[in-house]
1. Going through region 49-69 one residue at a time, which ones are charged (D, E, K, R) and either assigned to a strand (DSSP E or B) or within 17 Å of the chain's Cα centre (by Cα) (or both)?
2. If you go through region 105-153, how many residues are more than 16 Å from residue 29 (Cα to Cα) and in a loop (DSSP other than H, G, I, E, B)?
3. Return the total of residues in region 63-91 being in contact with a strand residue (DSSP E or B) (Cβ under 7 Å, 6 or more places away or on another chain) and surrounded by fewer than 13 Cβ atoms within 10 Å (Cβ to Cβ).
4. Please determine whether any residue of region 12-28 is farther than 26 Å from residue 132 by Cβ, β-branched (Val, Ile, Thr) and at pLDDT 90 or above.
5. Consider residue 57 against the criteria (1) at pLDDT 75 or above; (2) surrounded by 13 or more Cβ atoms within 10 Å (Cβ to Cβ): it satisfies all of them except one. Which criterion is unmet?
6. Give the number of residues within region 57-83 that are small (Gly, Ala, Ser) and within 26 Å of residue 105 (Cα to Cα).
7. Looking at region 124-140, I want the residues that are within 12 Å of residue 155 (Cα to Cα) and have a partner that is among the aromatic types (Phe, Trp, Tyr) and modelled with pLDDT under 90 with Cβ atoms under 9 Å, at least 6 apart or on another chain. Which pairs are those?
8. Tell me, please, whether a residue that is part of a strand (DSSP E or B), modelled with pLDDT of 90 or more and of a type in the set (Gly, Ala, Ser) can be found in region 75-92.
Amino acid sequence: MRHVIRAFGLVLVLSLGTYAQPQEDLLIVPGERISALALTMTADDFTRVLGSQFRAGTDTGVPRTRWHDWRARAFRILVCDDSVRVIQLGFYRPADRGLHESVKRYRTKEGISLGAPLQDVIDKYGQPLTVYSWGGGWRGFPFANGLYVNTDGDNRVGYGTCQHL
């Protein structure tokens, strides 16, 4: 009988252990955060969480704005006047797509993730506020809820973004 009780106790502990493990936060909340990375954080906070920056620069085309790029982790932020305005997730160039397959796990509560057709985004969030176009067929689409997505020439979401509007 003691062996049965011990075995039951072991099964119970193992079962409780699986329920006690925290789930990885992969949620994109437009206008607020991507995972635990929030627009309320500073650039230094991002560095503490993501590690050493891959690169940084000011060539954003927007005055007083700089970017910090953690390419190996597939994150980039845009900082304006020392406030994080944009969190980007995903690949930045077609050549990077294979590097960041893991980012397709991140989703909005409606199920939008990287690689989704642009039409799916429009079906969920309505028409974008405007459309930005630049070289190589890239276009940007800000939505009223704070989501900003870019597409490359194939009209699939290139990366999802949260931003203050």
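The values are calculated or read from the model by the stated rules, or taken from the named source; none is laboratory data. Predicted model, so just to flag it, every value in this text is computed and none were measured. Methodologically, a virtual Cβ is constructed for each residue, glycine included, from the backbone with ideal geometry; neighbour enumeration extends over all protein chains shown.
1. 55, 66, 69
2. Result for region 105-153: 12.
3. Looking only at that region, the number is 1.
4. No.
5. (2)
6. 2
7. Pairs that qualify, where the first residue is within 12 Å of residue 155 (Cα to Cα) and the partner is among the aromatic types (Phe, Trp, Tyr) and modelled with pLDDT under 90, are 138/132; 139/132; 140/132; 140/134; 140/148.
8. Checking region 75-92: not a single residue is part of a strand (DSSP E or B), modelled with pLDDT of 90 or more and of a type in the set (Gly, Ala, Ser).
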